[in-house]
Amino acid sequence: MRVRGPLPATTLPRTASPLRLTAAHALDLAGNSPLAADPDLRTFTADLVRRYGLPLDEDALTGARGQSYTALGELVVRQLVDPGRPVDLLVLVYASPDVRPGQAVATQLSGVCPGEPLSFAVCDEGVAGTFSALAVADAYARTGGARRALLIVVEQAHLHHRPHRAARLPDRHSAAALLWETESGGRPLQLLRSANDVRSGHVMGALHELCAELPAGALLVLGPGLVEEAAPGGVESRRARTGSPYTGGWAALGEALADPGLAGRPLALADREPETGRLDLACWAPQEPPE
Amino acid sequence: MTALEAVAVHLPPVAEPIELVGARLGLTDRQVRLFRRFHGLDQVRVDHDGDLTDLLTAAATALAPLRKNAHRVKYVLHARSLPIAAPYPHNPLHEVLGRLGLTHARAFTITHHACAGSLLALDVAGRLLAADPDPEALALILAGEKTFTRDARIVPDTALFGEGAAACLVRAEGEHDRVLSYAVDQHGEFDGRLADDPELLARYQRSYPELVIAVMEAALNEAGESWESIRLLLPHNVNQISWQRICRQIGYPPEQMVLDNVPAVGHSFAADILINHHTATGRGLLRRGDRYLVAASGLGATFAAMVLQH
C-alpha cells in the first residue's frame, strides 16, 4: 500500500529535476500472444466499433494476431530492474490498444516489479504520452512520491478493426523502458519543453525554436513523428526507426545512453504526435559518476 | 496543498429501470430482484445517442468556472476505468479539448486503476501542479464512460454501470477542498474477467471488505483523523449493501454516508466520487472545515481512499 499526506507548497523557484536517467532497455517480441485467440477480443472489438460504424479486421481476428502488453512489460521489468534497487513508481504508456483490451496491465506489472510500485497507465496522447509520463515522474520525484521510477512504453502491431483513416501502427511488437533514480549518477533531466498544435508546415520552425535551448554539444535523437522533417541545423542528430512509432525514439535514446563514446555529451529526444500536433523535447545532461 | 476548486456533474437524461437493463443483459428475474432488493439499485442513467466526446464535453461545460479560467488549464486528465474506450485512432479526449478551446493543455488519460481512477487522477494532478512553476495553473479532471460492452454494463452479482459524468478543477493551493491524504493499494492477483471466473469473483468478494477498510484507515491515519472526526463518507456507487456492511463493521453511522446515487444514477465508473461530492455539497452536508473521506475500488484490482477538508 502507498500512502501520502498533504503535498508540499508549489516549488518556486523551479529547481533542477531530481530525476536521473540511469538505465534503459528496449526489446521486440516476435509472434503472437495466446490472448489474441481469446473470443472475448472479437466481442469487445465489435462492441467498441459499433457506434463508429467501423468493420472488424477479420484477418487479424481469425489469424489471432497481436501481442500482450503484459508480456512485453514483464520482459522489460525483469531485464531492467535490479531486485536490490526497488522501484516506487511505474508508469505504463501506450497509444494503440492491447490485445487484451480490458486488462489492468500496470497493476499486473506492479506485482512483478521489485518494490511493488504505485503503477498506472497513461494513454490517448500518442507519442506525447511518454513525455507526459516523464513530467508525471518528475512531479512525483519533486513532491516526495518517488525515489526510483520506471517508465515503460509498449506497442503491438495489430488492430482488430479497420480504422476510419490511416493510423500509425508499428511493424513489430516492442517495448522500451527507462529507469530513473533521484540519488546520484546517471544523466540528470535537464530540459522538458513542448509546443502544442504544431501543424504540418510549421514543425521545422517550432523544432528549431525548442532546440535553441539545447546545451552545446548535445546529440539530438529525432523520433519517428519527425520523419518528414529535415534535421535542425547547428545540432548533431540521428533518427529513430520509423517502424516503431511509439517506442522507436526511446529505443534510440537507450542506444545512445549505452554508448560510452557519448557519455560526456548531453542527449536529447524530440518527437511530434501527428494526430494532435504536440511537439516535445527532452534533454539529459552528460553522464555523472555515482557518488 | 492540492485543492478542488470546483466540481460539476452531467447526468444523461434517460433513466432506465434496472429491469430493462437486466433484460438486455439476459439476467434472470431473480438476478434483477437481487439487484433491486438486496443491492439497492433502481435505475441507471444512460445516453443512447451521445458518444464519449459528448459525455465528457457536457460534464466540462457544466463546470461554470472553467469558462473564464480555460487559459489557466495546463493539464487535462481523463480518469478512466476502461483501458480502451474508442477505436484507435479515434481520440475522444482530444476532441473534447477542441470543443472546449483547451488544445493548449497537456491532455492524457489515466487508467488501470479502474473505478478508483479519479482518486489517482487527483493525486497526479496535484503533483503536476505542485511541481509546476506557475502557481495559478489548473488541472481539469474528467470522469465518465460509455456502457458500450457487457463488461462496461455489469459486475456480476454486484453492480450495474451508468453513464454519469463529472468534471473537476484542481489547483496546487486553495482554501477548499484540500486533499489531506491519499492511500492506494493494488492487487494484481484479482485481475481477470470476473464474469467467467466464479472462483476469482468469490476470492475478490471475500477480500473486498477487509481491503477497503484497510485503505480507508490508512488514509485516515495519514491525515491524523479518525472515524469519529469524519463528517461524511463518499463511497463509490457500486451498491448499497456492501457499504452498509462496511459501515457496520467499522462502526460508522450509515446516515453519514452518501448512497443516494446508487439507486438514482448507477455505478458511473470513476465519476462516482465526484458525483457524490456534488450531491454532498449541493445538499449542504458539508460545512467549512469538515473532514470527509472518499473511497473507491476498481476491478483489477485497486483500492483507494482520500481524506479531504471542505
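The values are calculated or read from the model by the stated rules, or taken from the named source; none is laboratory data. Not measured: the values here are computed from a predicted model. All Cβ positions, even for glycine, are placed from backbone atoms using ideal geometry, and neighbour counts span all protein chains on display.
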**Message:** Looking at A:S96 and the list (1) of a type in the set (S, T, N, Q); (2) surrounded by fewer than 22 Cβ atoms within 10 Å (Cβ to Cβ); (3) closer than 25 Å to A:R168 by Cα, which single condition is not satisfied?
**Reply:** (2)
**Message:** Considering only the range B:282-303, I want to know if a residue exists there that is away from chain A (no Cβ under 14 Å) and in contact with an Asp or Glu (Cβ under 6 Å, 6 or more places away or on another chain).
**Reply:** no
**Prompt:** Across the range A:228-285, what is the total count of residues that are touching a Gly at 6+ places or on another chain (Cβ under 9 Å) and in a strand (DSSP E or B)?
**Reply:** 11
**Request:** Please go through the range B:250-292 and pick out each residue that is under 13 Å from the mean Cα position of the chain (by Cα) and in a strand (DSSP E or B).
**Result:** B:H267
**Message:** Looking at the structure I just gave you, is B:A114 crowded, with 23+ Cβ neighbours inside 10 Å and on the phi > 0 side of the Ramachandran plot?
**Reply:** yes
**Message:** Please verify whether B:L201 is in contact with a strand residue (DSSP E or B) (Cβ under 8 Å, 6 or more places away or on another chain) and over 30 Å from B:L66 (Cβ atoms), treating the condition exactly as stated.
**Reply:** no
**Asked** Restricting attention to the range A:221-247, which residues are touching a residue at least 60 places away in the same chain (Cβ under 8 Å) and either small (G, A, S) or surrounded by fewer than 20 Cβ atoms within 10 Å (Cβ to Cβ) (or both)?
**Response** A:G223, A:G225, A:G243, A:S244
**Residues located in the range B:230-282, provided they are among the β-branched types (V, I, T) and under 16 Å from B:Y292 (Cα atoms)** = B:I230, B:I250, B:V258, B:I273, B:I275, B:T279, B:T281
**Item:** Enumeration of residues in the range B:161-177 that are within 7 Å of another protein chain (Cβ to nearest Cβ) and surrounded by fewer than 24 Cβ atoms within 10 Å (Cβ to Cβ)
**Value:** B:E173
**Output for the range B:93-116, where each listed residue is more than 8 Å from chain A (Cβ to nearest Cβ) and within 16 Å of B:A166 (Cβ to Cβ)** = B:V96, B:L100, B:C115, B:A116
**Request:** Taking A:S200 as the residue in question, decide whether it is modelled with pLDDT of 95 or more, outside any helix (DSSP H, G or I) and either outside the structural domain of A:H158 (by TED's automatic domain parsing) or surrounded by 14 or more Cβ atoms within 10 Å (Cβ to Cβ) (or both).
**Result:** no
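Residue under question is B:R203, and the condition is that it be within 25 Å of B:I250 (Cα to Cα) and in the same structural domain as B:G300 (by TED's automatic domain parsing); does it hold?
On the way: within 25 Å of B:I250 (Cα to Cα): yes; in the same structural domain as B:G300 (by TED's automatic domain parsing): yes.
Taking the combined requirement at face value, the residue satisfies it.
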